[in-house]
Number of protein chains: 2
Amino acid sequence: MFDRLDARSPVPLYDQIAARLRAAIVAGELAPGAALPSVRQLAARLRVNPATVVQAYRALEAEGFVELRQGAGTFVSAVPESRRGRERAAQARRLVEGLLADAARLGIGVDALRAALDAAAGGRR
Amino acid sequence: MFDRLDARSPVPLYDQIAARLRAAIVAGELAPGAALPSVRQLAARLRVNPATVVQAYRALEAEGFVELRQGAGTFVSAVPESRRGRERAAQARRLVEGLLADAARLGIGVDALRAALDAAAGGRR
DNA sequence: CTTAGTGTATCGGTACACTAATACACTTGG
DNA sequence: CCAAGTGTATTAGTGTACCGATACACTAAG
């Protein structure tokens, strides 16, 4: 899961790290209660500063995915599926609102966006 | 059309300027061939640096909406409706691709996005 | 030709995000 | 109790976007 990061990507390192972990948690690969690698361990493996890993962990904490316990480690949180669903819906709404704002500045309507989404979504669900 | 800019907005000044002009052009308020205010004129009116207006004009130029002629002025481009339609579709595609990338990092699927889009679009077309 | 007006080009200051470095405080197992 | 391992907190360095200032090059009207 932690092969390599792309240092030249415009996506920040901490964001890349968070994205991988989030995906793993959402997919159930990391069960609630499971311990994540320690900040230093993961930092060493990814050739990155520990503070960067911390930033990723903090982001996941703010989203309710993990819990950081000083002196102990970082662990996957147990989140009720209902709450998780609401969270996802809220995040999706935020994303879409941003999209609509950008589109409005470009003079692009909702219909065009829907068409583009259908086209881009293609095979995916 | 050029009453005031919001200096405290997270949206850059040049982007606010470009958005207004783009909207005016798309709406047909500025016909092809029409001259935009000169860089200095608009800058003075908006209490902004000329370079900031230039940045807005350049953005519009990159999108094919206007043409900058040194020594002469800046003019609205005549773009065939077919090409404009393709441009908008391309822009919509770029926006949606960005959205999908963001959503993927958050573990959000296309279906949730579509639902959010439908909800947010509500009254709009 | 001259000149006033246009866009062009480059540089500097500022603010902010990102990453790293380093010292600190807590927890746990022996 | 204490040592090793964990997260915490603060600070500094780096890059980049944004905006302004200023000097330059071109165009067109008189």
Here the membrane-span-like helices of chain B, with no claim about any membrane, defined by DSSP H, Cα axial extent at least 15 Å and mean Kyte-Doolittle at least 0.0, are B:13-26, B:50-62, B:110-121
More than 29 Å apart - percent of Cα-Cα pairs taken over the protein assembly as shown:
47
Which residue, B:58, B:45, B:84, has the most motion in a Gaussian network model of chain B that connects Cα atoms within less than 10 Å?
B:45
Placing a label point 7 Å from Cα toward Cβ, how far apart in nm is residue A:121 from its equivalents in the other copies, listed shortest first to one decimal?
1.0
Is there a quick way to get the dipole size of chain A? I mean about its Cα centre, with the Cβ of Lys and Arg at +1 and of Asp and Glu at -1; what is the value in debye to the nearest 20?
180
Counting sequence-distant residues (5 or more places) and residues on other chains, those with an amide H built under 5 Å from that of residue A:30 are A:25
Once the label point is set 7 Å along the Cα-to-beta-carbon vector, what list of distances in nm do you get between residue B:101 and its counterparts in the other copies?
1.9
Starting from the Cα gyration tensor of the range B:1-55, take the square roots of the eigenvalues, sort them a ≥ b ≥ c, and report rounded, prolate or oblate (rounded when a/c is under 1.5, otherwise prolate if a/b is larger than b/c, else oblate).
oblate
Tell me the Kirkwood hydrodynamic radius of the range B:1-98 in angstroms, computed as one over the mean inverse distance between distinct C-alpha pairs.
14.1
One would report the Cα pair-distance distribution of the range A:78-125, bin width 5 Å, in %, as 5, 18, 17, 22, 17, 11, 7, 3, 0
Could you give me the radius of gyration and the Dmax of the range A:50-98, taking only the C-alpha atoms into account and expressing both in angstrom?
13.0, 40
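Every number here is computed from the coordinates shown, using simple stated rules; none is lab data. The model shown is predicted, which means the values in this text are computed figures rather than measured ones. FYI the Cβ positions are ideal-geometry reconstructions off the backbone, even for glycines, and counts take in every protein chain you see.
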